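The values are calculated or read from the model by the stated rules, or taken from the named source; none is laboratory data. Since the structure is predicted, the reported quantities are computational estimates derived from the model, not experimental observations. Virtual Cβ from ideal backbone geometry, glycine too; neighbours counted across all protein chains shown. When the accessible area is computed, the model is the full protein with side chains, heavy atoms only, and any ligands, DNA or RNA have been set aside. Shrake-Rupley method; radii C 1.70, N 1.55, O 1.52, S 1.80 Å.
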Amino acid sequence: MSFYQSVSNSRSRDLSDADIMRVAPSVFAAEASSTRSERYRFIPTSAVLGALRNEGFTVAKVSQSRARLDANKDFTKHQLRFRKEGFTLPRVGGVFPELILTNAHDGTSAYNLEFGLYRLVCSNGLTVREAGIDAIKVRHSGPKLIDDVIEGSYRVIDASSDVGDRLELLAGTPMPVPVQREFARAALSLRWDEGEAPIDEDQLLRPRRIADQSNDVFTVFNRVQEGLIKGGLHGRTGEGKRTTTREVRSIDKLNGINRSLWAGAVEVALALK
């Protein structure tokens, strides 16, 4: 499993290069991993970062997979979450759209662009897959890599206009308790094999704050997502030993859980409509 470290900023200021360098040195890699072939076109993520900043994007969060070998820390997978002035969802309070850029210089990732959301009340970020907002991949062998990433970034933004409608649907649809429990049970399977979860669906559904006590689909989705990803829930292993769930710290696992949860929440909302 790849673990990561991250730094985030809920305010509007851009994370500095020093902030980014502290947790994600691979963003500023000076060369590609020696495992890459001659076809690999090395352009550091820092160059793409500079180009996106020139377009008005700011960095809200950065994460990097923790390399098992110190020699690989300059090449491993990293992820930056960007915001942009004017890139908003005005109909939904406390939720901000984000552009998610994932890359690596060891061959484990192309430049990958996705749409994300950030919910201020719980400092949660999620990755959203909707029709028309599929991930955009830019290979390291392209002749105009930076231009392609910039173009892809605006394609993600342009395709995100329907997400506001989806959020309104989720926030405006009551979710009956039996459906909540079914949704939470399905969510457990995204992280643990059947019968191996140390917690139950009721723990995922329990609100952590007053703002999350509503029973609309969007609020239930956020309760379940936070409990599943942030951990901190007490339970017992299959052997009966006490345990506390840990935060999910794999970039790939985190994105996978978020995408699946979002798709499940949309499916439930449409069925209840």
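General remarks:
- Counting only residues that are in a loop (DSSP other than H, G, I, E, B), open to solvent by 20 Å² or more (accessible area, probe 1.4 Å) and modelled with pLDDT of 65 or more, region 1-31 holds 5 of them.
- Residue in region 233-243 that is within 19 Å of the chain's Cα centre (by Cα) and not basic (Lys, Arg) present: no
- Those residues of region 56-70 which are outside any loop (DSSP other than H, G, I, E, B) and at pLDDT 85 or above, in sequence order: 57, 58, 59, 60, 61, 62, 63, 64
- When residue 186 is tested against (1) aliphatic (A, V, I, L, M); (2) surrounded by fewer than 18 Cβ atoms within 10 Å (Cβ to Cβ); (3) free of Cβ contacts under 8 Å to residues at least 40 places away in the same chain, exactly one condition is not met: (3).
- Only a single item in (1) open to solvent by 30 Å² or more (accessible area, probe 1.4 Å); (2) more than 20 Å from the chain's Cα centre (by Cα) is not met by residue 198, and it is number (1).
- Of all residues in region 12-29, those that are farther than 16 Å from residue 51 by Cβ and in contact (Cβ under 8 Å) with a residue 60 or more places away in the chain have Cβ atoms under 7 Å from Cβ atoms of residues that are outside any loop (DSSP other than H, G, I, E, B) and not polar (S, T, N, Q), 6 or more apart or on another chain, in 26/78.
- Of residues in region 157-172 being modelled with pLDDT under 85 and not charged (D, E, K, R), the one most open to solvent (accessible area, probe 1.4 Å): 161
- Scanning region 153-187 for residues that are over 18 Å from the mean Cα position of the chain (by Cα) and either closer than 17 Å to residue 49 by Cβ or aliphatic (A, V, I, L, M) (or both) yields 154, 169, 170, 171, 175, 177, 179, 184, 186.
- If you go through region 104-134 and keep only what is modelled with pLDDT of 70 or more and of a type in the set (S, T, N, Q), you end up with 109, 112, 127.
- Subset of region 236-273 (residues that are crowded, with 16+ Cβ neighbours inside 10 Å, assigned to a loop (DSSP other than H, G, I, E, B) and not polar (S, T, N, Q)): 248, 249
- Residue 196 passes every criterion in (1) more than 18 Å from residue 117 (Cβ to Cβ); (2) modelled with pLDDT under 95; (3) not in a loop (DSSP other than H, G, I, E, B) apart from (3).
- Every pair of residues 6+ apart whose Cβ atoms lie under 6 Å, when the first sits in region 71-98 and is closer than 25 Å to residue 252 by Cβ and at pLDDT below 80 while the second is among the hydroxyl-bearing types (Ser, Thr, Tyr) and in a loop (DSSP other than H, G, I, E, B): 75/33
- Among the residues of region 140-156, the one identified as assigned to a loop (DSSP other than H, G, I, E, B) and at pLDDT 75 or above is 144.
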